[in-house]
Every structure is written in C-alpha cells, then in structure tokens.
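> For reference, the structure I am asking about is given below.
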Amino acid sequence: MLPFYDFPAEHWMHLRTMNPIESVFAAVRLRYRMTEGSGSRAAGLAMAFKLMESASKKWRSLNGLAIIAGVIAGAQFVDGVKKTAA
C-alpha cells in the first residue's frame, strides 16, 4: 500500500514529502508575478532556471547517500532493509 517501504529506510524522509519541489516552484511563481510576466519564452525559461539554480544551493544532501547506487542498480528492499539473497 505504501511503496516507500520498498526503498531504504534512510530515504523514507525524503520520499514522503514534496515540499522541496513545491518551495522551488513557489519562488518561480512569485518572481513571475512580481515582474508581471517574463516577456518571451526564452526569458521565462532563463529566469526559472536561474531561480532554481539559486534555490539548489540551499538543499541538504540525502540521508543514505552511499545506498543510492544500489537503489539505481535495482537492489530490493523489504521494510527499508536490503533484501539478502537466500
């Protein structure tokens, strides 16, 4: 029922929240409204990129950073613990 149990327990905190994504786009929306539009499409994309790049400097790293390679490689986790071959 809750797919985040199929990931390492160290990553659960990051998987349960969408706040980092929402807060980045909130800054872009606010700036867009303050400038009353961005002008051209290229200017809008450049503005969004620079705002997101600036916001990314404040992000903290993931818990369990060393486990990410295993997750990408397809390691299986049960209740947050790596499944061992039996």
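Just so you know, all these numbers are worked out from the coordinates, no wet-lab data involved. This structure is a prediction, so every number in the text was calculated from the model and none was measured. Note that each Cβ is placed from the backbone with ideal geometry, even for glycine, and that neighbours are counted across all protein chains shown.
> Using unit Cβ charges (K, R positive; D, E negative) and no other charged atoms, how large, in debye to the nearest 20, is the dipole of segment 3-82 about its Cα centre? Please list the in-between numbers first.
Details: 10 positive and 6 negative charges, 84 e Å.
Taking the Cα centre of segment 3-82 as origin, the dipole is about 400 debye.
> Using DSSP to define loop residues, name the chymotrypsin sites (Phe, Trp or Tyr not before Pro) in segment 30-70 whose beta-carbon has at most 14 other beta-carbon atoms within 10 Å. Walk me through the intermediate numbers first.
Details: sites: TYR32, PHE49, TRP59; in loops: TRP59.
Answer in residue order: TRP59.
> According to the Cα gyration tensor, what semi-axes, each the square root of 5 times an eigenvalue, does the equivalent ellipsoid of segment 3-82 have, listed from largest to smallest in whole Å? Let's see the in-between values first.
Values: eigenvalues 248, 29, 22 Å².
Result for segment 3-82: semi-axes of 35, 12, 11 Å.
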